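The values are calculated or read from the model by the stated rules, or taken from the named source; none is laboratory data. Since we're looking at a predicted model, the values are computed, not measured. For neighbour counting, all protein chains shown are included, and Cβ atoms are generated from backbone atoms with ideal geometry for every residue, glycine included.
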Amino acid sequence: MRQAAALLEQLKIPLVKHVISAHRMPQQLQQFAASARDQGIDVIIAGAGGAAHLPGMLAANTTVPVIGVPIKTRTLNGIDSLLSIVQMPAGIPVATMAIGEAGAKNAALLAAAMLAIRDEAVARRLAAYRQAQTQQSIESEAALND
């Protein structure tokens, strides 16, 4: 999840960070989710491992979009987390990313794209980030052929 936070900071998108356990802190989870919109939170990125109920429980308690990131676990390498997050019942959507670091980065990029719908400054920074990725790939290919 550090990768998601770092990328959001790179894109100059304000963020708040919390540690909330779906199983150990159910009251805090419900309170946070229920008040998210009133706090000005436009999208929630939730990383979870193992049983990975956090993203779904957040989504069940708010209408703010929730992006779930399965965390790699020792037992099943994150497959358990992925299946827990992706298998949501109809009516409680969670956008589910890949397991691990790639998923965390893509969660930040998806959140940025959602915010860019109505924030032109975020849209410009996201476009610049994507262009830099393209340029990096072009340079990698050129270096390979030198």
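Among residues that are out of contact with any Ser or Thr (no Cβ under 8 Å at 6 or more places or on another chain), under 28 Å from A116 (Cβ atoms) and crowded, with 19+ Cβ neighbours inside 10 Å, A36 is not included. If you take the residues in region 53-86 that are assigned to a loop (DSSP other than H, G, I, E, B), within 19 Å of Q3 (Cα to Cα) and touching a helix residue (DSSP H, G or I) at 6+ places or on another chain (Cβ under 7 Å), which one is modelled with the lowest pLDDT? Taking the candidates together, the pick is T73. Could you look through region 126-146, keep only residues that are surrounded by fewer than 18 Cβ atoms within 10 Å (Cβ to Cβ) and under 18 Å from the mean Cα position of the chain (by Cα), and pick out the one that is farthest from K12 (Cα to Cα)? For region 126-146, the residue satisfying everything is R130.
When you scan region 14-36, how many residues do you find that are of a type outside the set (G, A, S), part of a loop (DSSP other than H, G, I, E, B) and either under 17 Å from the mean Cα position of the chain (by Cα) or under 14 Å from G56 (Cα atoms) (or both)?
Step one: list which residues in region 14-36 are of a type outside the set (G, A, S), which gives 14-20, 23-32.
Those still in the list that are part of a loop (DSSP other than H, G, I, E, B) too: 14-20, 23-25.
After this cut, where a residue has to be either under 17 Å from the mean Cα position of the chain (by Cα) or under 14 Å from G56 (Cα atoms) (or both) as well, the list is 14-20, 23.
Going through region 14-36 one residue at a time, the tally reaches 8.
Residue check: P89 meets all listed conditions (1) surrounded by fewer than 13 Cβ atoms within 10 Å (Cβ to Cβ); (2) part of a strand (DSSP E or B) but one, namely (2). Can you find a residue in region 40-51 that is of a type outside the set (G, A, S), at pLDDT 95 or above and more than 15 Å from the chain's Cα centre (by Cα)? The answer is no, given that none of the residues of region 40-51 is of a type outside the set (G, A, S), at pLDDT 95 or above and more than 15 Å from the chain's Cα centre (by Cα). I138 is checked against (1) part of a helix (DSSP H, G or I); (2) modelled with pLDDT of 95 or more; (3) not basic (K, R) and fails just one. What number does that condition carry? I138 satisfies all of (1) part of a helix (DSSP H, G or I); (2) modelled with pLDDT of 95 or more; (3) not basic (K, R) except (2). Within region 101-125, the residues that satisfy the criterion of being over 11 Å from the mean Cα position of the chain (by Cα) and not acidic (D, E) are A113, M114, L115, A116, I117, R118, A121, V122, A123, R124, R125.
Take the conditions in a helix (DSSP H, G or I) and more than 16 Å from T96 (Cα to Cα) and apply them to Q39. Does it pass? Judged against the criteria, Q39 is not a match.
How about region 93-125: which of its residues are surrounded by fewer than 16 Cβ atoms within 10 Å (Cβ to Cβ) and among the small types (G, A, S)? If the condition is that a residue be surrounded by fewer than 16 Cβ atoms within 10 Å (Cβ to Cβ) and among the small types (G, A, S), then A98, A102, A113, A121, A123 are the ones that fit.
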